[in-house]
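Below is one structure, written out as structure tokens, with a few remarks after it.
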Amino acid sequence: MAKDRNNSATTPVIVLGLGRFGTAVARSLVQLGHEVLAVDERADIVQKYASDFTHVVAADTTDTEALRQIGAEQFQVAVVGIGTDIEASVLTVLGLLDLGVKEVWAKAISGKHAAILERVGATHVIRPESQMGKRVAHMVTGTMTDFIEFDEGFAIARTRSPERATGKTLQEAALRADFGVTIVAIKSRGSDFTYAQATTPVHEGDELIVSGPTSKVEAFCALS
């Protein structure tokens with residue numbers, strides 16, 4: 001598999017660890033048109049997914065030589081889906097980095113695990129359970145219908161327009177000036193989302209896509 005980071009539509013990716021997370025990522029990558037090498041040490045798992053991904057191989061991902069033998073060094077992007085075995089997770093990340101893989105995305109199951117992965121050099125650390133838990137918590141409270149938070153304390157949310165903005169344009173409502181958030185898009189009943197502009201009117205029950213610092217997005221959404 002040749003390296004191809006310039007064309008994101010065809011970037012080959014190696015996914016190591018075919019638990020629920022790794023399998024879901026690999027499937028999504030295939031659906032997006034990426035070439036995927038899926039790796040797991042369990043022969044039964046490899047056999048199970050043999051026809052699901054571009055290539056599926058059995059290998060001990062904690063062994064750098066084994067990674068070399070399956071061609072891991074040919075990839076610029078890797079996803080380490082190993083979570084419960086922290087030692088295996090860390091050794092796999094180290095092996096990939098030793099082979100020159102530039103982008104290593106790794107799953108962490110705790111804050112301590114995440115800190116270790118960051119310290120050894122993982123490019124991106126993902127805590128899917130924690131991130132999804134916070135997302136669901138915001139949705140359960142009823143103030144948001146979707147929520148995504150980024151590492152840098154920045155968030156984007158889907159929420160209802162506050163009563164104070166009803167009947168005004170976005171410029172007149174002055175939501176950014178008063179709350180420090182940016183209205184990215186707006187959707188009225190029976191229509192699709194459109195890009196928000198200063199002259200866009202806000203109606204009762206409109207849905208908004210809001211972005212900004214997490215605390216300010218949360219405070220703004222609490223108004224709805």
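Charge tally for Ile186 (other residues, Cβ to Cβ under 13 Å; Lys, Arg +1; Asp, Glu -1): +1. The C-alpha atoms of the chain define a longest principal axis, and helix 111-120 lies at about 60 degrees to it. Taking a sphere under 10 Å around the Cβ of Ala88 and counting the other residues whose Cβ falls inside, with K and R at +1 and D and E at -1, yields a net charge of -4.
Solvent-accessible area assigned to carbon and sulfur over region 50-186 amounts to 52 percent, based on a 1.4 Å probe. For the chain, the relative contact order comes to 13 percent (Cα pairs under 8 Å, sequence separation of at least 6).
For the chain, the longest principal axis of the C-alpha atoms and the axis of helix 128-140 are separated by about 20°. Rounded to the nearest 20 debye, the dipole magnitude of region 118-223 is 40 debye, with +1 charges on Lys and Arg beta carbons, -1 on Asp and Glu beta carbons, and the Cα centre as origin. Between amide H atoms placed 1.01 Å from N, distances below 5 Å from Ala185 occur with Ala196, Ile209, all of them 5 or more places distant or on a separate chain. Binning the C-alpha pair distances of region 1-129 at 5 Å intervals from 0 yields a P(r) profile of 2, 12, 24, 26, 22, 12, 3, 0 %, listed from the shortest bin outward.
Restricting the chymotrypsin sites (Phe, Trp or Tyr not before Pro) of region 143-224 to loop positions (DSSP other than H, G, I, E, B) with no more than 15 neighbouring Cβ atoms within 10 Å leaves Phe150, Phe193. Accessible surface computed residue by residue for the chain, with neighbouring protein chains in place and a 1.4 Å probe, gives 54 Å² per residue.
The mean sequence distance of close C-alpha pairs (under 8 Å, at least 6 residues apart), as a share of the length of region 1-106, puts its relative contact order at 27 percent.
The values are calculated or read from the model by the stated rules, or taken from the named source; none is laboratory data. Keep in mind that what you see is a predicted model, and the values were worked out from it rather than measured. Methodologically, a virtual Cβ is constructed for each residue, glycine included, from the backbone with ideal geometry; neighbour enumeration extends over all protein chains shown. For accessibility, only protein heavy atoms count, side chains too; no ligands or nucleic acids. Shrake-Rupley method; radii C 1.70, N 1.55, O 1.52, S 1.80 Å.
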